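The values are calculated or read from the model by the stated rules, or taken from the named source; none is laboratory data. Here the structure is a predicted model, which is why all the values come from computation and not from measurement. With ideal geometry, Cβ positions are generated from the backbone for all residues, glycine too; neighbour counts draw on all protein chains shown. Only protein heavy atoms, including side chains, enter the accessible area calculation; ligands, DNA and RNA are left aside. Shrake-Rupley method; radii C 1.70, N 1.55, O 1.52, S 1.80 Å.
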Amino acid sequence: MPVNHQANEEVKIIPVSGFRDIGKFIDVPWWLYADDPMWVPPLRLERRLHFSGFNPYFKHARWQGWIAYRNNQPVGRISAQIDDLHRQRYGPDTGHFGMLESIHDEAVFSSLIQTAENWLRQQGACQITGPFNFSINQECGLLVQGFDSPPVFMMPYSPGWYATQLEQNGYRSCKDLLAYWLETDFDPPSAMQAIDRKYQHQIQVRPLRRDRFSEEIEIMRDIFNDAWSDNWGFVPFTVEEFAELGGSLRWLVPDEFIQIAEMDGVPVAFMAVLPNLNEILPALNGALFPLGLFKLINKLKSGSITTGRVPLMGVRKQFHNTLPGIALAFKVIDAPRKFVKSRGIGHVELSWILEDNQSMRTILEKIGGREYKRYRIYEKTLM
């Protein structure tokens with residue numbers, strides 16, 4: 001890390017307010033991780049939009065950010081947020097923290113945590129969970145295993161010592177989120193082939209229909225919200241949030257990377273694969289202009305990206321823990337494989353999977369997937 005300070009130097013925690021402060025907040029990781037080969041710089045333009053009023057998350061949530069300074073140099077940051085949709089499901093006393101970055105310094109780390117907690121108390125929060133950047137439907141979790149490789153696109157990164165610091169500040173493990181690594185050239189096991197054959201006349205899988213894009217995105221949102229509705233921490237995607245995500249999918253992936261499964265003609269499952277843009281982003285160092293956008297488009301078209309990520313997948317709740325449900329999950333995993341492979345993608349990350357989602361973990365492990373990263377959500381009761 002490029003910053004080295006004496007322990008007796010004063011830490012100042014400054015609230016983020018206005019356009020210029022948002023820019024400084026976005027830039028903090030560049031200060032902290034300049035020499036860390038595992039950190040992947042995000043696109044500054046995308047981060048600007050994430051923190052702006054254009055983010056539909058802010059239609060049901062509010063946040064505050066802070067930057068830690070020593071001698072006028074940034075040494076950390078944190079956010080605290082209140083999500084009204086989360087409170088509707090889990091009670092009026094919930095709150096979250098996120099965007100946590102700090103130099104390796106207990107005083108800085110603790111000051112940031114305490115500042116976020118104080119703000120959350122003022123918002124009526126007693127139960128705090130995190131990190132969420134900003135919600136469970138965006139980047140979330142603290143990396144606790146799998147530090148030997150960079151994160152894939154739209155997954156968070158954090159140094160290993162963060163977990164110890166959180167625990168020293170009174171936080172305890174709440175839920176682990178798993179990332180699985182899977183070769184696209186896997187051989188389906190005979191048991192799954194048998195289940196596949198059993199339902200081959202009832203289940204049809206098709207790619208996204210781009211000429212009906214808005215309708216297709218709403219179908220996927222409805223399936224996702226139903227499929228995940230009983231899972232830990234679930235907060236539904238709003239129409240606007242999923243439409244924004246769909247806008248990214250529209251220009252990032254060909255139609256065949258998104259597969260929708262129908263049971264007797266009714267859409268009941270889907271899966272989306274994204275190329276791993278984190279293979280490209282280090283070279284851009286956060287800048288799309290003047291040449292970054294050209295490089296990005298060229299890489300996407302050339303097929304030179306060799307890894308991908310499955311960020312979205314769902315099977316309707318009525319099929320959970322049933323043979324048709326296994327068939328549907330296998331179908332939407334298997335359907336895009338030849339298209340993904342034809343674009344040069346040899347491995348994909350499926351993330352994230354709840355640690356107690358044993359049925360999905362079993363399916364992934366039977367087709368050769370292996371758990372290779374683990375992210376942890378922490379919780380604390382505020383006094």
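Filter the range 348-369 for residues that are open to solvent by 40 Å² or more (accessible area, probe 1.4 Å) and in a loop (DSSP other than H, G, I, E, B) and give the result.
Glu355, Asp356, Asn357, Gly368
Give Tyr378, Tyr372 a once-over and let me know the one that is in a strand (DSSP E or B), touching a strand residue (DSSP E or B) at 6+ places or on another chain (Cβ under 9 Å) and open to solvent by 20 Å² or more (accessible area, probe 1.4 Å). Even if it seems obvious, please write down each step before you answer.
Numbers: Tyr378 fails: open to solvent by 20 Å² or more (accessible area, probe 1.4 Å).
Matching residue, one of Tyr378, Tyr372: Tyr372.
Provide a single number: the residues in the range 295-347 that are in a helix (DSSP H, G or I), under 24 Å from Lys366 (Cβ atoms), aliphatic (A, V, I, L, M) and open to solvent by less than 20 Å² (accessible area, probe 1.4 Å). It would help to see each step written out before you state the result.
Narrowing the range 295-347 to residues in a helix (DSSP H, G or I): 295-302, 317-319, 323-334, 337-342.
Applying the additional criterion that residues be under 24 Å from Lys366 (Cβ atoms) yields 317-319, 323-334, 337-341.
Those still in the list that are aliphatic (A, V, I, L, M) too: 323, 326-329, 332-333, 340.
Add one more test, that the residue is open to solvent by less than 20 Å² (accessible area, probe 1.4 Å), and what stays is 327-329, 332-333, 340.
Residues flagged as in a helix (DSSP H, G or I), under 24 Å from Lys366 (Cβ atoms), aliphatic (A, V, I, L, M) and open to solvent by less than 20 Å² (accessible area, probe 1.4 Å) within the range 295-347 amount to 6.
Kindly state which helices (runs of 4 or more DSSP H) lie completely within the range 147-255 and contain at least 3 residues that are without any contact (Cβ under 8 Å) to a residue 40 or more places away in the chain and out of contact with any helix residue (DSSP H, G or I) (no Cβ under 6 Å at 6 or more places or on another chain). Walk me through how you get there before you give the answer.
Numbers: elements: 162-168, 190-198, 213-227, 239-252.
Fully inside the range 147-255 and qualifying: 190-198, 213-227, 239-252.
Among Pro74, Pro92, which is more than 21 Å from the chain's Cα centre (by Cα), surrounded by fewer than 21 Cβ atoms within 10 Å (Cβ to Cβ), modelled with pLDDT of 95 or more and farther than 14 Å from Asn118 by Cα?
Working: Pro74 fails: surrounded by fewer than 21 Cβ atoms within 10 Å (Cβ to Cβ).
After ruling out the rest, the residue left standing is Pro92.
Take the range 40-59 and flag every residue that is open to solvent by less than 20 Å² (accessible area, probe 1.4 Å) and either over 26 Å from Ile103 (Cα atoms) or more than 17 Å from the chain's Cα centre (by Cα) (or both).
The answer is Asn55, Pro56, Tyr57.
Provide a single number: the residues in the range 256-281 that are open to solvent by less than 10 Å² (accessible area, probe 1.4 Å) and without any contact (Cβ under 8 Å) to a residue 12 or more places away in the chain.
Matching residues across the range 256-281 total 0.
Considering Glu216, Glu240, Glu183, which residue is open to solvent by less than 50 Å² (accessible area, probe 1.4 Å) and either charged (D, E, K, R) or touching a His at 6+ places or on another chain (Cβ under 6 Å) (or both)?
Numbers: Glu240 fails: open to solvent by less than 50 Å² (accessible area, probe 1.4 Å); Glu183 fails: open to solvent by less than 50 Å² (accessible area, probe 1.4 Å).
Selected residue: Glu216, the only one of Glu216, Glu240, Glu183 that is open to solvent by less than 50 Å² (accessible area, probe 1.4 Å) and either charged (D, E, K, R) or touching a His at 6+ places or on another chain (Cβ under 6 Å) (or both).
Quick one: what pairs do we get from the range 357-370, first residue in contact (Cβ under 8 Å) with a residue 24 or more places away in the chain, second hydroxyl-bearing (Ser, Thr, Tyr) and open to solvent by less than 40 Å² (accessible area, probe 1.4 Å), C-beta under 7 Å, 6+ apart or different chains?
Note: pairs meeting the criteria are Leu364/Tyr180; Gly369/Tyr180; Arg370/Tyr180.
Note down all Cβ pairs under 8 Å where the first residue falls in the range 282-300 and is touching a residue at least 12 places away in the same chain (Cβ under 8 Å) and among the hydrophobic types (A, V, I, L, M, F, W, C), the second is part of a loop (DSSP other than H, G, I, E, B) and open to solvent by less than 80 Å² (accessible area, probe 1.4 Å), and they're at least six residues apart or on different chains.
The qualifying pairs are Leu284/Pro41; Leu284/Leu43; Ala287/Leu43; Leu288/Leu43; Leu296/Ile280; Leu296/Leu288.
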